[in-house]
């Protein structure tokens, strides 16, 4: 498990966030992103940013991701996560 994945899983447990997707699913979606090769993607439900991270890591350098989340607390966690990564 990558440090970022471990960190998000720990934060989700501490916060009691029960809708965190599995690491395997996030990695699979990242792999699909790489395989399909879109230049732009839309994610509905950013959550804490696990899948967001994997999509971003697998978009082409000029790719763009629009991610929508309604929970302000989750937006902040996902923003912190993305700020700490090179994604």
Residue that is modelled with pLDDT under 95 and surrounded by 18 or more Cβ atoms within 10 Å (Cβ to Cβ), where the choices are 46, 85: 46
Residue that is modelled with pLDDT of 95 or more, assigned to a strand (DSSP E or B) and at negative phi, where the choices are 66, 62: 66
Of all residues making up the stretch 1-14, the number that are assigned to a helix (DSSP H, G or I), without any contact (Cβ under 8 Å) to a residue 60 or more places away in the chain and over 11 Å from the mean Cα position of the chain (by Cα): 7
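The values are calculated or read from the model by the stated rules, or taken from the named source; none is laboratory data. Treat the numbers as computed from the prediction; the structure is a model and nothing was measured. With ideal geometry, Cβ positions are generated from the backbone for all residues, glycine too; neighbour counts draw on all protein chains shown.
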